[in-house]
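Below is one structure, written out as C-alpha cells; the observations come after it.
Laboratory data are not the source of any read-out in this text; all were calculated from the coordinates shown. Bear in mind that the values here come from a model prediction, so they are computed numbers and not experimental data. Every residue, glycine as well, gets a Cβ built from its backbone with ideal geometry; the counts of neighbours run over all protein chains shown.
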Amino acid sequence: MADNKEAGNPDQVFTSADRIRQLNEVDKDVARLIHSAGLAIQALTNARSGDSPGDNSLESHKARFREATSQYFALLSSIDVRLRRQVYALEEASILAPDSTSRTADLSGASGGAAGAANPLDISWLNSRKDTVGKDKEAELWAAARGFVEQISNPASKVKTETVQEGMDVD
C-alpha cells in the first residue's frame, strides 16, 4: 500500500496526517536543498572540504560543483512537484480557489470597480504566469559566470582588461 502512495495512485485518499507528514518531508528537503546550494558555492571557492582534504585540484572542484548542483536541482524539482500536489489537494478540498477561477474573479472584480479587488496587471501576477522569467535570468547569470571564468583563466584577456580599465574615465 505504501507503493500506491509513492506511485501516485489517483484513487489514494490522503488523510490530514498524511498531508502533514508529506509537508514535513518537504521541509526536511528544503534544508537539504540549502545544504546542497552551500556545497555548490563551497566548490567554487578555494576552501578545503571535509570530504577530501588533500584533493584541491580544479577537476575536483568541478566534480564537487556538478554533484552539488545536480542534487540541488533534483531536490528543487521534487519539492516543486510535491508542493504543487499539496496546492491541488487544497483546491480539491475547496480550501483554495482553483487558479483559473481566481483569475476570472480578479478580472471581473477589477473591471467592476470593486474596492480592494486585485489588479489583473499586477507585475507579480503576470510574472507568476510566465515560467521563463527565472530561466532567462539563470541563462544570463550563467553567461556572465562563463565570461568571468574565461577572463580569469586566460592571462592574455587579463592584460586587455587591465588596459581597458586604465583607459576608462570615472566621474
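Packing order of peptides 145-153, 66-74, 19-27, highest average first: 66-74, 19-27, 145-153 (average count of other Cβ atoms within 10 Å over each peptide's residues). For segment 62-77, putting each phi into the Karplus relation 6.51 cos²θ - 1.76 cosθ + 1.60 with θ = phi - 60° gives couplings of 4, 5, 5, 5, 4, 5, 5, 5, 4, 5, 4, 6, 5, 5, 4, 5 Hz, in residue order, rounded to whole numbers and with x for Gly and Pro.
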